[in-house]
1. Might you tell me the accessible area per residue for the stretch 179-240, computed with a 1.4 Å probe and given in Å²?
2. Once you have the Cα-Cα distance between Ser95 and Thr149, take 0.36 nm times their residue separation minus that, and quote the gain in nm to one decimal.
3. Please compute the modelled spin-label separation between Asn38 and Val132, points set 7 Å along Cα→Cβ, answer in nm with one decimal.
4. Quantify, in whole percent, the carbon and sulfur part of the accessible surface of the stretch 46-127 (1.4 Å probe; protein heavy atoms only).
5. Divide, for the stretch 65-119, the radius of gyration over alpha carbons by 2.2 N^0.38 Å, where N is the residue count.
6. What FRET efficiency do you get for Arg234 and Asn54 if R0 is 45 Å and r is their Cβ-Cβ distance, rounded to the nearest 0.05?
7. How much accessible area per residue does the stretch 62-155 have, counting only protein heavy atoms and a probe of 1.4 Å, in square angstrom?
8. Quick one: what does P(r) look like for the chain with 10 Å bins over all Cα pairs, in whole %?
Amino acid sequence: MPAHDAAIFDRLADQGWPAIESEPLGAWRLRASSGVTNRANSVLASGIVPHLSNVVDAAERWYASRSLPPVFQVSPASPPELPGLLTTRGYGAHSQTDVLVADRAAVASAAQHGVVIEDTPTEGWLDTWWAVDGRGGDRERAVAWRILTGGPALYASSGDPAAPDAVARLALVGQWGGLYAVATRPEARRRGLARALAEALASAAAESGVDRLWLQVLHANHAARALYASLGFRGASGYA
């Protein structure tokens, strides 16, 4: 994949899951959110920077000043020598992630299957997502709320609004929609709810001018990857 294509998806994901604190470091971007979620607390190492070792030094100092561990999001758009440099400094690769894309119209379905879509997440929506994917207490939950609402998005839920069985979020970034925070309570799984939410969000996004979708999924999550493949998503990039 050409580096410039990977850089597009790096930037889309950065806008779709915005950090609380963010500032440029040359072509890169430093991001911090009190340690809540990997992406929002990592260096977006997308693009070529001069004096690479010095730039990594500067990033490490930035995170140290916030009492956070330095984490680098490395993609095909990162400097080719970055992985080797990080390895020599004691870093290890983890959270290998695939970036998948699809045409919005191909995913959309007119059948809503009881899905409710809103412009802001409710407390019930957050309760379900936090119960499935949240890590931490009230402080971390409050930070997560700020990340989730940091840009325009659609929020889908299925079931009792006070305690939905499943939820999902579609970030709106120009003509792109980014599928995030797909979560189903354990007792409600294997009922097709994640599929219904994705289809309903794809349908609703037409009113926002969205014609393409992207998402990030852990490479090791075979069940999720199979679901997204069946919806028409195909590989476009990745990162660790």
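1. Value returned for the stretch 179-240: 47 Å² of accessible area per residue.
2. Result: 17.0 nm gained on full extension.
3. According to this spin-label approximation, the distance is 1.9 nm.
4. Looking at the stretch 46-127 in its full context, I get 57 percent from C and S.
5. Here the Cα radius of gyration is 1.93 times the empirical estimate.
6. After rounding, the FRET efficiency stands at 0.75.
7. Counting only protein heavy atoms, the per-residue value for the stretch 62-155 is 51 Å².
8. Per 10 Å bin, starting at 0, the Cα pair percentages come out as 8, 32, 36, 19, 6, 0.
The values are calculated or read from the model by the stated rules, or taken from the named source; none is laboratory data. It should be emphasised that the depicted structure is a prediction, and the values quoted were computed from it without experimental measurement. Every residue, glycine among them, receives a Cβ derived from its backbone with ideal geometry; neighbour counts consider all protein chains shown. Accessible surface is based on the protein model in full, side chains and every heavy atom, while ligands, DNA and RNA are left aside. Shrake-Rupley method; radii C 1.70, N 1.55, O 1.52, S 1.80 Å.
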